[in-house]
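The values are calculated or read from the model by the stated rules, or taken from the named source; none is laboratory data. Since the structure is predicted, the reported quantities are computational estimates derived from the model, not experimental observations. Cβ coordinates were reconstructed from backbone atoms using ideal geometry, including for glycine residues, and neighbour counts include every protein chain displayed.
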2 protein chains.
Amino acid sequence: MEVRKFSIPEILFGRGSLNYAALCANRMGAEKVFLVSDEGLEKAGWVERVFSILKEEHLAWHYYSAVNSNPRDYQVSEGAERYRQEGCDVVMAIGGGSPMDAAKGIAMVASNGGRVQDYEGANRIQRPLPPMVFMPSTAGSGADISQFAIITDMQRQVKMSIISRTLVPNISITDPQLLTTKPNDLIISSAIDALSHAVEAYISTIASTLTDIQALKAIDLILNYLPIALQDRSMEALEKLSSAGTFAGMAFSNASLGLDHALAHSLGGKLDVAHGLIHPVLLPPVMRFNLPTCVDKMAAIGEIILGGRRGSAEATAQAGIERLEEFFSNLNIATRLRDIVDDPDVLPQICEMAVYDTCLVTNPREATVEDMIDICKVSW
Amino acid sequence: MEVRKFSIPEILFGRGSLNYAALCANRMGAEKVFLVSDEGLEKAGWVERVFSILKEEHLAWHYYSAVNSNPRDYQVSEGAERYRQEGCDVVMAIGGGSPMDAAKGIAMVASNGGRVQDYEGANRIQRPLPPMVFMPSTAGSGADISQFAIITDMQRQVKMSIISRTLVPNISITDPQLLTTKPNDLIISSAIDALSHAVEAYISTIASTLTDIQALKAIDLILNYLPIALQDRSMEALEKLSSAGTFAGMAFSNASLGLDHALAHSLGGKLDVAHGLIHPVLLPPVMRFNLPTCVDKMAAIGEIILGGRRGSAEATAQAGIERLEEFFSNLNIATRLRDIVDDPDVLPQICEMAVYDTCLVTNPREATVEDMIDICKVSW
């Protein structure tokens, strides 16, 4: 095996771990916390809960919630300006991928100056970031674990991937109780986001022994516990989904992603499609496209999906993808591209932009614009 | 699940990763590295290799090798004194558990003052340590990953367990090529050390989903690849053993250990028995002792050892332990306590000391001195 790196935050995991948020910030030297979240978390009462936890620990804070789904470059700039004006010293985020990615962007621009655009791509951040303490409220984005931040460039209508070890938060606090206030559709879309992280990381060209076991465990947990979580919303099932999100985050942060995410970022940037809705549509055809270059690994995924092998490696892989499509269908979610995109004529442009996405570099099979257009046609 | 933490270093893994040692030290702000190793590594040429890597990166260093197997309190004090005198700023270690544990002790005393004894037990280190970059040369101790340091108190003849998050090195660089210069007996003893870490972490009272998958993977890899590594010494097999050491380190650092290690530390402190020789003797009877309190988990271990289940959970667990004993026998290593201890009369004293070992706190079944004496009798 070539040299591979594996870097993750310190993780606090389990029911009630949220209570340690202020203690963790304190340990990072906090005097004034910059807290990022959004309306959904406010309504569910979690932001108020964090306020009181910070208060108990005698910490000051500034609260910032001007953040969209698919967070935007100007929201990051505004946040960084506020961070500096308010004299904050630790960045905290509670929420899904959007507030967490925005918080990463804010930490980056506040400490390194310039605009988000200056850091697009891999390893372009020079100066250290303020400490980051992140509390994920969905079991999917992995932004609390990963070295990725995805921010939309509004002018170019592109979701920029920013990848740097310094974007790995210092501490991830995963309290599965946060999932109890999420509706089923969000549980589904974030679990499938995590599933796509795990699948793409597992077949990535820079996957390693260290990332493979986390990826396979995530796939296993999501397939087994997502249906249960939707049915009974038991703490046990939500906890399993949370740990799946963490494992998938460990895997993709260190093994990166692939074609499905390159296309998803492009669709998200151009059309503002919610990230989690895209994978049930694109992941199966992308898996079929990649299959010839990684039959054994796709068979290992198939074996988990099917609960056993079906003859040859290729047969197992193929049957696994089919079963995955059934799994998505049974969740009553959009599984065709036409369900989430209005105009098919925009697709060639989407594919042309996806070619430049950093995630494509580690896809196991080289993909041209034409290949991607074919995948979109198949998914339409 | 209760709140659990999971903290590991940044890991560089793979053939040739050693070449990044100086770069990593540089990233930690090094100007003068305090390098700890021992005679074995010198003879194999690895210390010279590290010198030249440091030189290429224009880093100064001070080399310290006055370290035993079962490293001693005065060696740590001397090392800390030298660290300060020489004006070093980063601690680097290359070697097995002994040089790495000594290096941790040195980092701790150099920055926090006092003597090693002041920090015995859990969470007693107050001030931050200098950055630590560790390169393990055996696939077993996990000292490059863990928050443990084990140092012998020479006066009390006790191996002290020092446990603190600040003892997790900043960077672990695991280059499986270092194993190529190790004799088979060291490959065996370190692999079985890792196996015992994995087994004890898996059944620990503070095990979690996050540590369980690493523990099971370590067990699986060691049972499958240790015999191959001994036979063909192929890079692939050595690499698998290295990754097993890393996984076991991740597991036990965060889930801690149990009765087998409490006894092993006591034996090592009193009689200076090499740590790796003790587990083939004590692990099976300790597993039998613990079995009633964790049948399902012991069955999961049995299933890996046997490659399948044998009827009930208890039958599978029992058969697994028996097969493990055969596995040890086939390695032609000492499997009876009388092979490694001269005088049985010392055993009650060993057991009385073991009661105070921090590792015992997380053993799944409470163990009295009498229980431990029984285990020693069975193993004699």
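Conditions (1) in a loop (DSSP other than H, G, I, E, B); (2) of a type in the set (Asp, Glu), marked per residue:
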residue: A:Leu18; (1), (2): no, no
residue: A:Phe34; (1), (2): no, no
residue: A:Glu42; (1), (2): no, yes
residue: A:Trp61; (1), (2): no, no
residue: A:Asn70; (1), (2): yes, no
residue: A:Arg84; (1), (2): no, no
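Before we move on, is A:Ala215 within 12 Å of chain B (Cβ to nearest Cβ), over 12 Å from the mean Cα position of the chain (by Cα) and crowded, with 24+ Cβ neighbours inside 10 Å?
On the way: within 12 Å of chain B (Cβ to nearest Cβ): yes; over 12 Å from the mean Cα position of the chain (by Cα): yes; crowded, with 24+ Cβ neighbours inside 10 Å: yes.
Against the criterion (within 12 Å of chain B (Cβ to nearest Cβ), over 12 Å from the mean Cα position of the chain (by Cα) and crowded, with 24+ Cβ neighbours inside 10 Å), A:Ala215 qualifies.
Scanning segment A:6-53 for residues that are more than 24 Å from the chain's Cα centre (by Cα) and buried (at least 21 other Cβ atoms within 10 Å of the Cβ), we see that the one that is farthest from the other protein chains (Cβ to nearest Cβ) is A:Ala30.
Please tell me if A:Ala201 is closer than 22 Å to A:Pro9 by Cβ, in the same structural domain as A:Lys43 (by TED's automatic domain parsing), in contact with a helix residue (DSSP H, G or I) (Cβ under 8 Å, 6 or more places away or on another chain) and not basic (Lys, Arg). So A:Ala201 fails the test. For segment A:201-212, the candidate set comprises residues that are among the aliphatic types (A, V, I, L, M) and away from every other protein chain (no Cβ under 14 Å); within that set, the residue that is farthest from A:Ala191 (Cα to Cα) is A:Ile203. A count restricted to segment A:285-312 and to residues that are surrounded by 23 or more Cβ atoms within 10 Å (Cβ to Cβ) and either under 15 Å from A:Met372 (Cβ atoms) or of a type in the set (S, T, N, Q) (or both) stands at 3. The single condition among (1) out of contact with any strand residue (DSSP E or B) (no Cβ under 8 Å at 6 or more places or on another chain); (2) crowded, with 24+ Cβ neighbours inside 10 Å; (3) of a type in the set (Gly, Ala, Ser) that A:Gly114 does not meet is (2). The residue that is nearest to the other protein chains (Cβ to nearest Cβ), counting only those in segment A:246-278 that are modelled with pLDDT of 95 or more and touching a strand residue (DSSP E or B) at 6+ places or on another chain (Cβ under 7 Å), is A:Thr246.
Filtered by the rule that a residue be over 26 Å from the mean Cα position of the chain (by Cα) and farther than 21 Å from B:Ala218 by Cβ, segment B:286-312 gives B:Pro292, B:Arg310, B:Gly311, B:Ser312. Among the residues of segment B:51-77, those that are out of contact with any Lys or Arg (no Cβ under 9 Å at 6 or more places or on another chain) and either farther than 28 Å from B:Leu277 by Cβ or of a type in the set (Asp, Glu) (or both) comprise B:Phe51, B:Ser52, B:Ile53, B:Leu54, B:Lys55, B:Glu56, B:Glu57, B:His58, B:Tyr63. It is to be established whether one or more residues within segment A:230-246 are without any contact (Cβ under 8 Å) to a residue 12 or more places away in the chain, farther than 20 Å from B:Leu216 by Cβ, assigned to a helix (DSSP H, G or I) and not assigned by TED's automatic domain parsing to the domain that holds A:Thr138. Within segment A:230-246, one or more residues are without any contact (Cβ under 8 Å) to a residue 12 or more places away in the chain, farther than 20 Å from B:Leu216 by Cβ, assigned to a helix (DSSP H, G or I) and not assigned by TED's automatic domain parsing to the domain that holds A:Thr138. Taken across segment A:228-238, residues that are touching a Pro at 6+ places or on another chain (Cβ under 8 Å), within 14 Å of another protein chain (Cβ to nearest Cβ) and under 25 Å from A:Ala102 (Cβ atoms) do occur, with at least one present. Determine whether segment A:138-153 contains at least one residue that is within 14 Å of chain B (Cβ to nearest Cβ), closer than 28 Å to A:Ala229 by Cβ, part of a strand (DSSP E or B) and β-branched (Val, Ile, Thr). Checking segment A:138-153: not a single residue is within 14 Å of chain B (Cβ to nearest Cβ), closer than 28 Å to A:Ala229 by Cβ, part of a strand (DSSP E or B) and β-branched (Val, Ile, Thr).
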